[in-house]
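What follows is a set of notes on a single structure, which appears directly below.
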């Protein structure tokens, strides 16, 4: 208690973070519109894909507890808690996803070097060794997957050439882009050198394991400029990429879908391009196919994040195929992303409503009043039925409430937990669960007293049986909370999370506070002698006479009358 409370005050977060229904915020309604001739694009699959993209954008703003969900067939509701820039949020969720195909200049492990050397030239620090990487989303384009083997690349040269490129518009050549001819004037200006060094340093220090850096890595960069980005090679395994200017845009993709190849027995993703997109794609694949790994790859970048980085084995034009370690779900997901990037859907903002703090305050006040009433009724019952024992129960409830409050305050900045109205409901339900544990233990002790035992041995003999019952009961409650948390979304998860947290705290309080306090108080005269107001009075409980007194009463009479 002392450590957690001290940590709460030290962190400066002394109150739980409130959700949109309690603190207010912004609610945005978006309506999906299909492009001309693609009316069927407004379907459940594309809407769910859009929800995932918008959700990632909102989380990229540093927002937790944001709700993004479909409403009806063509509407998406975005609820963002207070504290978020409303204008920025509207721009983020209301625009269509930005999808680009960028050539990969180099790739490295997602974490930055343990001790990067700071050099003014930007050579050593900007050239971490490339690490083998095979994207889970796809390993090759145009032919069967092959695990790529990374080779060392000179980042400074790659970035310099990318910065010098006058335009990302590809040429018809299928070879590597030629360097500028040597002239008396240096090709790289001081400004370009500074930009190159800055990009190298940004790549070297980028930590893709940090969600905030991951979300901000490729944001705010023009398609005509090189950039850095993060991508998930395998679940939980992140890599960082240094990428050249965009060569193909999402609008150049005509159609994409994940499908099962019967001949090869594997899932693949097929792409068809528009006429203009075919020319661009043919040019870039012609150049990439002649490069060594990893510079023979192109990255599929969605909203600044690499969703796939397949390698190119041959020149392609109107259509392409991405193959790799796909299963049905991952292949269809990538197909949906590519299709959505082809702009089959656009969104217009129907309404932006502000949920006022006054409304949230009323809801919170009502919830707290309900909790206070429930707590008062429990305390009245405990005092009336258990008398002195109720002191132990009230102290235990106080400890449980303090721990719950402190942990919720700390979880706000730690994991983004926000206390919403259903979460308050879960805390109110937990009062009954916690009180039930005390009642189980107290009744076990009273049963032992009814058998004729004194309080101190009764406390110890009652504990093993009460402990088993408490653990079984709390396990059932925690299991219900865990299942509810997994199978639900949105605010109901807040209820399940709070219920599970308070159930775990109930075990901690009963084992580490209630039982030790009961053992200590059993040694006092008030409880040990069974005072009428202690709640442990043997007469009121109808206790049997002590066993030793019963044996003395039935003992045979002594043979000597004097002794008798």
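Overview of results
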read-out: Residue 193 being more than 23 Å from residue 331 (Cα to Cα), surrounded by fewer than 18 Cβ atoms within 10 Å (Cβ to Cβ) and more than 19 Å from the chain's Cα centre (by Cα); value: yes
read-out: Any chance residue 522 is modelled with pLDDT of 85 or more and within 30 Å of residue 48 (Cβ to Cβ); value: no
read-out: Residue 435 in contact with a strand residue (DSSP E or B) (Cβ under 8 Å, 6 or more places away or on another chain) and closer than 22 Å to residue 502 by Cα; value: no
read-out: Residues (closer than 23 Å to residue 334 by Cα and in contact with a helix residue (DSSP H, G or I) (Cβ under 6 Å, 6 or more places away or on another chain)) located in the range 213-234; value: 215, 228, 230
read-out: Hits in the range 1-45 - residues which are surrounded by 12 or more Cβ atoms within 10 Å (Cβ to Cβ) and over 26 Å from residue 494 (Cα atoms); value: 31, 32, 33, 34, 35, 38, 41, 42, 43, 45
read-out: All positions within the range 379-420 that are at pLDDT below 85, buried (at least 19 other Cβ atoms within 10 Å of the Cβ) and assigned to a helix (DSSP H, G or I); value: 412
read-out: Flag for residue 324 being surrounded by 15 or more Cβ atoms within 10 Å (Cβ to Cβ) and either closer than 30 Å to residue 260 by Cβ or at pLDDT below 85 (or both); value: yes
read-out: Residue 172 in the same structural domain as residue 108 (by TED's automatic domain parsing) and at pLDDT below 80; value: yes
read-out: Where residue 498 falls short, out of the listed (1) surrounded by fewer than 19 Cβ atoms within 10 Å (Cβ to Cβ); (2) at pLDDT 85 or above; (3) under 30 Å from residue 78 (Cβ atoms); value: (1)
read-out: Pair list, Cβ < 7 Å and 6+ apart or interchain, from the range 245-260 residues that are in the same structural domain as residue 303 (by TED's automatic domain parsing) and in contact (Cβ under 8 Å) with a residue 60 or more places away in the chain to residues that are surrounded by fewer than 19 Cβ atoms within 10 Å (Cβ to Cβ) and assigned to a strand (DSSP E or B); value: 254/272; 255/272; 256/270; 257/270; 259/270
read-out: Residue 233 vs. criteria assigned by TED's automatic domain parsing to the domain that holds residue 300, at pLDDT below 75 and over 30 Å from residue 282 (Cα atoms); value: no
read-out: Counted residues, the range 224-266 - those being within 23 Å of the chain's Cα centre (by Cα) and not in a loop (DSSP other than H, G, I, E, B); value: 10
read-out: Residue that is nearest to the chain's Cα centre (by Cα), among those in the range 282-301 that are within 17 Å of residue 229 (Cα to Cα) and not in a loop (DSSP other than H, G, I, E, B); value: 301
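The values are calculated or read from the model by the stated rules, or taken from the named source; none is laboratory data. Treat the numbers as computed from the prediction; the structure is a model and nothing was measured. Note: ideal-geometry Cβ built from the backbone for every residue, glycine included; neighbour counts use all protein chains shown.
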